[in-house]
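The values are calculated or read from the model by the stated rules, or taken from the named source; none is laboratory data. Small disclaimer: the values here were computed from a predicted structure and weren't measured. Note that we place each Cβ from the backbone using ideal geometry, even for glycine, and neighbour counts take in every protein chain shown. Keep in mind that these areas ignore ligands, DNA and RNA; they rest on the heavy atoms of the full protein, side chains included. Shrake-Rupley method; radii C 1.70, N 1.55, O 1.52, S 1.80 Å.
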Amino acid sequence: MFYVMKKFLIIFIFSFFSIYSGAQEITYSFRLLLKDKGNPGYTIDKPKQFLSSKAIERRDKQGIAIDSTDFPIDPAYINAIKQTGVTIAAQSKWVKTITVHTKDSSVVKQLSTLTFVDTTLLVRKGVMFPMPTDSVRAINTPITPEPDVYGQAFTQIHMHNGELLHNEGFTGKGMTIAMIDGGFRNADCIDRIDFSKIAEIKSFSHAGIDPLRSSSEHGLRGLSCMLANEPGVMVGTAPEATFYLFSTEFDAEEYPVEEDYWITAIEYADSLGIDIATTSLGYTTFDNLPEMNHTQTELDGKTVLMSRAASMAVDKGMFLLNAAGNEGNKTWMKISFPADANNVLTVGSVQSDGAISSFSGIGPSADGRTKPDAMALGSLTTLTTASGSITRSNGTSYATPILAGLTACLWQSHPELTSKELLQLIQKSSDRYGTADDLYGFGIPDIYKAYQSISTSIIKKKIATPTIFLTQNILQINLSEEAILSGDLILYNPTGIIIKKIHLSGNRKIDLNDLPKGIYIAKLQTQANIESIKFVIL
């Protein structure tokens, strides 16, 4: 479900179904829950056989162990499923599912007899059709530039003091952001969107069309909140980041198969080693499959499969943001799925005066965790449409990418942080931290405050009572012998790439004269805590 209204599609969808539904056969989608993943023949000590170098690097950087959850599903299982005549539509190594399309619903009996299949669920029933659209060259609508470099987007950035972090030189360069959404119509045709910053565009749904030619521009609008770069008119929160655009939502209908597409996309993002994923989708109830509707008792971060996958993505070192949803003034009222996931930054919406938007989904989670986690401008948010015009619109869909871009900038400033450390840092910088509630969560983050807090902490360690410090290219460690015995020292370059990892074994002085001149980050991990400094080799 997009977190904006879909009513503008109703007439079109009705007409389209009237024309095409009679001409195409009904297709069924089944989700197969597997008993196990089989024996794909991989081993943990050879991760390059099943993970990309960047995915391995991200795990290594954050001290995350590679384990059996990283193994793909056994190809023999997939081949056995294909032999029944179905088409593989999605699969998940994390939650052990395979989703298939078939025009013969009776084949589910055969699928159920496969020894490795535990349960089969119908997750979609309908015709397979693309939404026919044409490319339209978008021309940026002339407007009167505002004096500030951010133009009409200033309010949504200033709310978090994001411009101050940009002024420090952190605008997302070197960071990768995956957007999992619907369509990105005309993202390649709008001048203020720097298309050279988009590394990949991929569709995971059955729509079968290029996301750039989709009838939906929901993803494009959110993207513009981060990537727009027309000074004096509209500048986004991370204009120098690199983006991956993944389409999983089919806006003509609402079926649980879209959750399977989403899981496949987040696992693909992990396989690429993506730093941050942001998604403005969420699910509660479905078309014509009431037995698959979710309940609020499931909002515990572990019952619904896509929420489990979202939590797993964070456990693998990715930072994930999800919109809280627009159900606050509706019957559901609460956040939706996967906004309930553990360690995911769930983003609600506020107005420009900081008051909660009436539509913003509320918490807490079913197991009592604070949700949402943070708030950003989702009422009258400035964004770019598929026609190239600038408009204002409402939704947690737009609050979420605003914070995603600023999170990328913050992580760029301190790449030695783990994704979970970054989450805590953002929460602690928020204006309601310590008095969190079910409406605002921890409140509105101050990204510059977060940046200053860790930078000041590092400076104090270097000047006042340093734990680790540099003298004539010798890194000296001022810790007890017991702490050092269990410690590891990791050296990073300014982009967060690991240069060297040293197990200390009681050594308090590390000679760094072999390093080339430049800026480095040292991170000391012990049983007690984590300490970091930035230093320069001259």
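Descriptive notes on the structure:
- Taking every protein chain into account, the 1.4 Å probe leaves His158 with about 80 Å² of accessible area, to the nearest ten.
- Förster radius 25 Å - calculated FRET efficiency between Lys302 and Met333 (Cβ-Cβ, nearest 0.05): 0.70
- Using θ = phi - 60° and Karplus 6.51 cos²θ - 1.76 cosθ + 1.60, couplings along region 250-263 (whole Hz; Gly, Pro as x): 10, 6, 7, 7, 9, 10, x, 4, 5, 5, 5, 4, 4, 4
- Across region 367-389, the residues whose backbone nitrogen lies under 17 Å from the label position 7 Å along the beta-carbon direction of Ser358 are 378-381.
- Helix 419-428 vs. the chain, principal-axis angle (Cα, 0 to 90°, nearest 10): 80 degrees
- Each of Met312, Met179 has its accessible area taken with a 1.4 Å probe; listed largest first, they run Met312, Met179.
- Note on Thr285/Asn493: beta-carbon distance plugged into 1/(1 + (r/R0)^6) with R0 of 41 Å gives a FRET efficiency of 0.30.
- Residue-span extension gain [Thr113 to Asn167] - 0.36 nm each, minus C-alpha spacing: 13.3 nm
- The listed residues Asp514, Asp74, Asp210, once ranked by accessible area (1.4 Å probe) with the largest placed first, stand as Asp514, Asp210, Asp74.
- Taking a straight Cα-Cα cut-off under 26 Å and skipping sequence neighbours fewer than 8 places away in the same chain, the lysines within cross-link reach of Lys96 are Lys35, Lys37, Lys46, Lys48, Lys54, Lys82, Lys109, Lys125, Lys202, Lys302, Lys316, Lys420.
- Working from Cα pairs under 8 Å separated by at least six residues, relative contact order for the chain is 14 percent.
- The accessible area of Glu57, taken with all protein chains in place and a 1.4 Å probe, comes to roughly 70 Å².
- For Val123, the amide hydrogen comes within under 5 Å of the amide hydrogens of Ser29, Phe30, Arg31, counting only partners 5 or more places away or on other chains and with H modelled in the peptide plane.
- Heavy-atom accessible area order for Asp251, Asp104, largest first, 1.4 Å probe: Asp104, Asp251
- Bridge type composition, region 179-335 - antiparallel percent by DSSP, nearest 5: 20 percent
- For Thr102, net neighbour charge (Lys/Arg +1, Asp/Glu -1) across residues whose Cβ lies under 15 Å away: +3
- Every Cα-Cα pair in the chain was counted, and those over 40 Å apart are 25% of them.
- Ratio of Rg to Rh over region 135-276 (Cα coordinates, Kirkwood Rh, two decimals): 0.99
- HN-Hα J in Hz across region 274-283 - Karplus 6.51, -1.76, 1.60, θ = phi - 60°, x for Gly and Pro: 4, 6, 10, 10, 10, 9, 10, 10, x, 9
- Inter-label distance, Asp194 to Thr471: 4.4 nm, where each label sits 7 Å from its Cα along the C-beta direction.
- A simple spin-label model places pseudo-atoms 7 Å from Cα toward Cβ; at Arg392 and Ile88 they are separated by 4.9 nm.
- Rounded to 5, the percent of DSSP beta bridges in the chain classed as antiparallel: 70 percent
- Computed from the Cβ-Cβ distance with R0 of 51 Å, the FRET efficiency linking Lys428 to Ser106 stands at 0.35.
- The chain: angle of helix 447-463 to the longest principal axis, Cα-based, in degrees nearest 10: 30 degrees
- Area of Ile81 that stays accessible when all protein chains are in place (1.4 Å probe, Å², to 10): 0 Å²
- Here region 296-365 was treated as a single set of alpha-carbon atoms; its pair distances binned every 10 Å from 0 give 24, 47, 24, 5 percent.
- Cα→Cβ-extended label distance, 7 Å offset, between Ile519 and Ile64, nm: 2.5 nm
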